[in-house]
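Bear in mind these aren't lab numbers, they're just calculated from the coordinates by the rules spelled out. Note that the coordinates shown come from a computational prediction; the quantities given were computed from them, not determined experimentally. Note that we place each Cβ from the backbone using ideal geometry, even for glycine, and neighbour counts take in every protein chain shown.
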Amino acid sequence: MDTKVRIGRVALGIAAVGFLAAAGQLQALDNGLARTPPMGWNSWNKFACNVSEDLIKQAADAMVSSGMQDAGYQYVVIDDCWQVDRDAQGNIVPDAKHFPSGIKSLADYVHGKGLKFGIYSDAGTGTCQNRPGGRGYEFQDARQYAAWGVDYLKYDWCNHSTQDSQASYSIMRDALKKSGRPIVFSLCEWGSTKPWLWAGDVGNLWRSTGDIVDKWEGSEKWGGLGVVQILDLQDGLQSYAGPGHWNDPDMLEVGNGGMNLTEYRAHFSMWCLLAAPLMAGNDIRSMSADIHDILTNKEVIAIDQDPLGREGHRVKRADGLEVWAKQLADGGRAVALLNRTGAEANITVSWTDIGYPVHVPAKVRDLWAKKDLGEKTGSFSASVPSHGVVMVRIEP
């Protein structure tokens, strides 16, 4: 594409953001979508740039045949690297070698499975893998996504230069609204500009932390974070989440090999307690029975999908032993006893920790053992493995 045309379009896009902001016309998304946290699969964590039409079709097939669809997963999302250029009219051009049938045909295939189709772009001039970004092309891209049958847009934050995040994401929100198709809007600016303070009027979900890596704890030089580092950053943001607008602590690493089963079970449990979007990131075509059982535990998923839409939070911590709790629509509580230490330990949740009077009797059910533990009064205790959780539902 001619460089002058590209620069001109970018300048027009920036000017449009400034004009709309000054005129007070940046309106809330209010698209009626994502009333519970979105559930699906995304290609990035396992496959990165190695994406293709065949892979996405196989992932859609596997989502149905594995029972993930029955468990609530519905979005199949291509992350970065599906796009290679823009044509002379500025239209985004898919990689014809890896997506020979085109994006609409692929979306139709996914829809034919009873699933929904998602795609990726970036609010900057280029994506994180330096493919064409959306800056200056927001309305044109949104029309194209709608024509293709896109149901979900993940919008990244690379190559953004001096852009203002709220204004940049708001113009794409308005573009999606005008596209004529309901599209879940997933903001991916890594929590860098505190999106929980402004994104409730812009997107359906927003990344509230840096990128996850497939490890229990620690961080990478480039900024990647382990599970417990993300948990620490997520706690305290619960008041900003609710139906239609969710904090997003990043996609799931369950099944990618960097953690053991106990840690993966804890990772999944905590994301469900946080009312986080559940975007599987493993190879669902060939996952083990143990990984399948983690990702499809309907009782744990029900905590994530509870219609009240409350995000859980930490209510007690001492020496690496923690209690997290989430209020449920029926008045019950989901509770995770989390052991961050290197040895098995006993953890107790008191009724006063979760907003119940001490004298109230309550039924306790272990959501991983899928077993009723009887009626308790005042507190509940369990032995929790190192880097593990005991997750229970407590109902007075």
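Largest mean-square fluctuation among Thr127, Thr162, Thr341, in a Gaussian network model of the chain whose springs join Cα atoms under 10 Å apart, belongs to Thr162.
In this structure, the amide hydrogen of Val315, modeled 1.01 Å from its nitrogen in the peptide plane, lies closer than 5 angstrom to those of Val323, Trp324, Ala325, counting only residues at least 5 positions away or on a different chain. 3J(HN,Hα) along segment 124-136: x, 6, x, 6, 5, 9, 6, 8, x, x, x, 4, x Hz, from the Karplus curve 6.51 cos²θ - 1.76 cosθ + 1.60 with θ = phi - 60°, whole Hz, x for Gly and Pro. Using the Karplus relation 6.51 cos²θ - 1.76 cosθ + 1.60 with θ = phi - 60°, the per-residue 3J(HN,Hα) values for segment 390-396 come to 10, 10, 10, 10, 10, 10, x Hz, with x marking Gly and Pro.
Within the chain, the proportion of C-alpha pairs whose separation exceeds 29 Å stands at 43%. The aspartates and glutamates within cross-link reach of Lys376, meaning a Cα-to-Cα straight distance under 16 Å and a gap of 8 or more places when in the same chain, are Asp353, Asp366, Glu395. For segment 199-213, backbone phi angles converted through the Karplus equation (6.51, -1.76, 1.60; θ = phi - 60°) give residue-by-residue couplings of 7, x, 9, 10, x, 7, 7, 9, 5, 9, 9, x, 5, 6, 10 Hz, Gly and Pro being listed as x.
In this structure the amide hydrogen of Met39, modeled in the peptide plane, comes within under 5 Å of the amide hydrogens of Gln74, Tyr75, Leu278, none closer than 5 places in sequence on its chain.
Over 32 Å between Cα atoms: which of Lys57/Lys178; Lys215/Lys363; Lys178/Lys215; Lys46/Lys104 fall into that group? Table pairs above 32 Å Cα-Cα are Lys215/Lys363; Lys178/Lys215. Net charge of the neighbourhood of Asp248, taken over other residues with C-beta under 12 Å away and scored Lys/Arg +1, Asp/Glu -1, is -2.
Quick one: angle between helix 53-65 and the longest Cα principal axis of the chain, in degrees between 0 and 90, rounded to 10, please. Value to nearest ten degrees: 30.
Quick one: which residues, 5+ away or cross-chain, put their amide H under 5 Å from the amide H of Ala275? H built at 1.01 Å from N. Long-range HN contacts for Ala275: Gly312.
Segment 99-143 and segment 310-381 have Cα centres lying 42 Å from one another. For the chain, the relative contact order comes to 14 percent (Cα pairs under 8 Å, sequence separation of at least 6). Compared with the dominant principal axis of the Cα atoms in the chain, helix 3-22 is inclined by about 60°. The ellipsoid that matches the Cα gyration tensor of segment 96-211 has semi-axes, each √(5λ) in whole angstrom, of 24, 16, 13, with the longest given first.
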